[in-house]
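The values are calculated or read from the model by the stated rules, or taken from the named source; none is laboratory data. Nothing here was measured: the structure is a model prediction, and the numbers come from that model. FYI the Cβ positions are ideal-geometry reconstructions off the backbone, even for glycines, and counts take in every protein chain you see. Areas reflect the complete protein model, heavy atoms only, side chains present, ligands, DNA and RNA absent. Shrake-Rupley method; radii C 1.70, N 1.55, O 1.52, S 1.80 Å.
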Amino acid sequence: MYYQIISFSHKNCDQAMREKLAFSHDEEKRTFLDQLVGFEFVHEAFVISTCNRVDIVLATRDNFSSYHAVLGLISQKSNLNFYEIKSTAKRYDDEEAVEQLFAVVSSLDSLVIGESQITGQVKEAFKFSHQNGTAGKKLNRVLSYAVKCAAEVRNATNISQNPISIASVAVAQAHKLLGDNIQGMKGIVVGAGDMGVLAAKHLLRVGCDVVLIGRDIEKVQAVADELGENVKADTMENLAKYLNRYRLLFSATSSKEPVITKDLIENETLPRHWFDMAIPRDIEDMDLEKLQLFRIDDLRSISNDNHALREEQAVRASEIVRQYKEEFYAWLRALSIEPVIKQMRKNVSDAIDKEMQRAIKKGFVPSEYEENMRKMAEQMFKRFLHDPTQNLRHSSTEKKNANCIEAVKRMFNIDTEDIDMKQYKTDHHTKGYSA
């Protein structure tokens, strides 16, 4: 069994392509996952689809075949050319894939290093696939370890102190542009989801009043009430009024089409600072002389400043990721030997049964001696297998001996593919893992 990640992130894929690759609704994601695990060489899969990345995480029998299957299905879904997708995709196999997943969950591969949302987003992505029957114990093992790794990164570094996100970077940029004049201004936030709420909170922190706009007025009002008296709720029907009255706008809806279009603009002379935090984009391209528009990819240089400030902590965090990757593989190798040893012993027991029956049938051993002969044979084989099994356990923890286990499995014709490893985890429990 192998691990693999095919990644389309802010590092290798521009916003326009990410918009086409993104999964816009659960049914689209469900169809993709069902098709993917329908291939005999794919055990399990789940999809991480956020503003900044579309990652397909897999447990496979054959990484070459699964890679091309993913590219083909993504091409079909997005109507993008297969070779264009192949030239853009970043492929991680086996140990690289495990280290990459640990880095993603620890927010080291995010547009904004240390942002606080990605761990929960990855867990939700796995949960969705697990409930769909397309992810299970194979990916749960590595994801559980990744979550432990992320917790260690947070505890051992200050990389996640004052948690930041795209929303906080956008508000910080607005504050930089407007200075102290931002205090007392009214910030329009379109979308009452997690990103919109974060933007509202950061606007309140710098002294802005907020108008929170959404489709469901009851939901928006409930969120506004929770945020405090400086937040007003309104509906999308009144959006145009705010676009033509106030200069500061942050948008993060889940709409498939732009919700802010040129035909809503009546006053072109108003200076505007707009921040589009959505994938796909909420604000269509428009030629307004006094509009300063920031999209997600435009915030990259700002996040790079943040990365520079946190570089030392990021290096320490990367060391933790590598350490956890090594621990995970040591645990996996140690765990994998137990069912092999158990099966070897079962094979011995079966052989004793078979030979005892043959010996009794042919009269080599009187039937009344069967029990004593069986005990003697079992004791002989137990003594014979003691040193080899202890050596196997010891060597299985060392990376250089990884092929030894596979050789033993082939030698004794042992198949452990469908064995539930949970029953063995207490024999070889490594720090940080919980099933």
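Here is how the numbers come out for the structure above:
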quantity: Meets criteria (part of a helix (DSSP H, G or I), open to solvent by less than 90 Å² (accessible area, probe 1.4 Å) and at pLDDT 85 or above) for LYS325; calculated: yes
quantity: Residue check for HIS68: out of contact with any Pro (no Cβ under 7 Å at 6 or more places or on another chain), in a helix (DSSP H, G or I) and surrounded by fewer than 16 Cβ atoms within 10 Å (Cβ to Cβ); calculated: yes
quantity: The stretch 338-372, subset free of Cβ contacts under 8 Å to residues at least 24 places away in the same chain and closer than 20 Å to VAL408 by Cβ, residue surrounded by the most Cβ atoms within 10 Å (Cβ to Cβ); calculated: LYS342
quantity: LEU288 being surrounded by 13 or more Cβ atoms within 10 Å (Cβ to Cβ), out of contact with any His (no Cβ under 9 Å at 6 or more places or on another chain) and modelled with pLDDT under 85; calculated: no
quantity: Matching helices (runs of 4 or more DSSP H) fully within the stretch 194-265 where at least 1 residues are among the charged types (D, E, K, R) and over 20 Å from GLN117 (Cβ atoms); calculated: 217-227, 239-243
